[in-house]
Amino acid sequence: MSEDGKQPAVEQHDEPAWIKAFLNGDRSAFDRLVLRHQNRVFSLCYRMLGDYEDADDCAQETFVKVYRSLKAFRFDSSFSTWLYTIAVNTCKNKLKSAEYRRRQKMVPIDDPPEESGGRKPVRELEDPGPTALTRLADKEREQLVQAAIDSLPEDARTVVVLRDVQGLSYEEVIRVTGYNMGTLKSKLARARMQLRQKLKGVV
Amino acid sequence: MECSRFKELFSDHIDGTLDEQTRRMLEGHLAVCEHCAEELRELRACVSALGSLEKVQAPADFLHRVHERIHRGEPVSWRQWLKEKLCFPVRVKLPLGAAGLVMTALLVMVVYQGTRQRTGPVPVPVPAQVPEPSAMKPQEQLESRLDDRQQLALRESPAPPLSETAAGSGAPGSPPALARESRPMRLTLVIGHDERRGRAFAQKERPGSEDDKPAEVPRGTSTVAPERKTLAPPAASQSAPPASPSTSGKGMISSRSKAAETPPGETGPADTRLERDDKALRSYARDKETESAVGGTAPPDAQRKRETTKASKGPAEIRMLVQQVGGVVETARHRDSSSQPESLTVRIPTASLSRFLDDLLRIGRLRGPVEPGADVSENATILVEITLE
């Protein structure tokens, strides 16, 4: 990914060798894999969850899963895509368990109709206080954007984070999420429109 | 095309995935529709804001914590697991474990003591019908033959009630049931010390006069009947209901008082065994009558001989009674410088205890309290220690 999340091709070529070295008993090869991907995985988890501690926990859990299931890795896809798949699934599990706790932190800004999946708080923002919007700074704006991401449904949040935040290509998002191209484009367009509504006047 | 259809193309237009013809059509619409152009600008700014979000860095010790988590989840040997669970941190878990052990030990002791205190005598099912004397417990059999005073003495005796000495009783402080089983019933039998009254009794109940009729003896009269000629039929005595303490007269127990309790209508023909007993006792009474007729003139040697004969007849009769009920004489303790036993310890079948006591009371009288001995309601035999006077 480059600056927008793409990994340099030279680095990617090292990964199969590292994986094979790890499978042959070289535990330092696993450390190299962790050091290369830890920030990206951590960032993905943070944007998916909106909480630093939960992101830390999920990122660690992701690499623990990788450590234990690396022997099942097949080299027909890139290691980063496989890693992102594990991270996204770990975050989804975390969302299910932390949903109530996160809702406790949020205050509804309106009363949107309940969606078909039973998920009601589509448009929620973290309570910034009455004068927060008037004192917007970069950090506060980022918090609002993150809050808008957090308010998205899980599938919409996943595609937005993977595509717009992490900068993955359509093909990579398809590999990670398992959606087809039409579904991905549809979900992504709907998620962006929701964010635009939520962030009106913020960005 | 309406604006809503163009808005569906905004996302693909931002990503540059629209085909050339669709892109030109959209751009043409945006040139004339300010509202859609504004909305596209907002959407593009939103996507840009998402892409410009700060890249959150992992903590510096992220790799170290991943290692810790990996090793924490790895399977360890059960010894290491047990050690970690029980002993670490040592300052906390060792005192806690010790306190838990002490509390568990105390709890076990309290529960054990409570269980022992709650455990009472084993309930014995009581038959619905009136029990036969032979089926009664030794305590009941004995009480049915005692007057009030002796029953009182029996109850106040240091020996615990028979019901509390049942086998299996776990009352605290009680000796083991096995030791109690060997404790005999103790009684003191006086034989031949009231010869005159005994003879009078024998004459009164001589065959042909008032045989099989219970004598009208006032309550509280002590009667000794070692020479009683007529014995109550065992069947009648055994089928007679046990006398309750409230109906028993005061005074020493005697065979006459027992005979008075026997309903006259139940005195049937005696069996052959008792006929033989009667003959033996009658001959013994006739001998004594002969002795009394010449008693005043008898020389001192003859008197001593008669005393010796009397003293020797008591144990002999007891031995005979024991044999008749199918028992055995286990031990005989002798006085110093005397060939006559001072006491006899006999083992009697429990079923025959009632009959044996009846027979004993016909040749002598009881003196003092009777120690009931071990509860042998579940044993086949009972030990009876008879002290002779």
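The values are calculated or read from the model by the stated rules, or taken from the named source; none is laboratory data. Just so you know, these numbers come straight off a predicted model, no measurement behind them. Cβ coordinates were reconstructed from backbone atoms using ideal geometry, including for glycine residues, and neighbour counts include every protein chain displayed. Please note that ligands, DNA and RNA were not included when accessible areas were found on the heavy atoms of the full protein model with its side chains. Shrake-Rupley method; radii C 1.70, N 1.55, O 1.52, S 1.80 Å.
For this structure, a couple of remarks:
- For the listed residue pairs A:Lys200/B:Lys55; A:Lys92/A:Lys185; A:Lys92/B:Lys93; A:Lys96/A:Lys198; A:Lys20/A:Lys96; A:Lys65/B:Lys55, the alpha carbons are over 28 angstrom apart in A:Lys92/B:Lys93; A:Lys20/A:Lys96.
- Local electrostatic count, B:Glu42, Cβ distance below 14 Å [Lys/Arg +1, Asp/Glu -1]: +4
- Per-residue mean of foreign Cβ neighbours for A:189-197 is 5 (Cβ atoms of other chains, 10 Å radius).
- Protection-proxy order for peptides B:93-105, A:69-81, A:46-58, B:317-329, each taking the mean of Cβ atoms within 10 Å per residue, highest first: A:46-58, B:317-329, A:69-81, B:93-105
- Summing Lys and Arg as +1 and Asp and Glu as -1 over all other residues whose Cβ lies under 9 Å from the Cβ of A:Arg157 gives a net charge of -2.
- Spin-label model, B:Gln57/B:Cys87: points 7 Å from Cα along the beta carbon direction are separated by 4.2 nm.
- Across the alpha-carbon atoms of the range B:1-50, the computed radius of gyration and Dmax are 10.3, 30 angstrom.
- Test item: A:58-66 mean partner chain Cβ contacts at 10 Å: 4
- Residue order for B:Cys33, B:Cys3, A:Cys45 - accessible surface, 1.4 angstrom probe, largest first: B:Cys3, B:Cys33, A:Cys45
- Across all Cα pairs in the range A:51-99, the calculated P(r) in 10 Å bins from zero up to the longest distance comes to 26, 53, 19, 3 percent per bin.
- With every protein chain in place and a 1.4 angstrom probe, the accessible-area ranking of B:Asp61, B:Asp15, largest first, reads B:Asp61, B:Asp15.
- The modelled label-to-label distance between A:Ala21 and A:Arg141, using points 7 Å beyond Cα along the C-beta direction, is 4.3 nm.
- Within 10 Å of the Cβ of each residue in A:41-54, the mean number of Cβ atoms contributed by other protein chains is 2.
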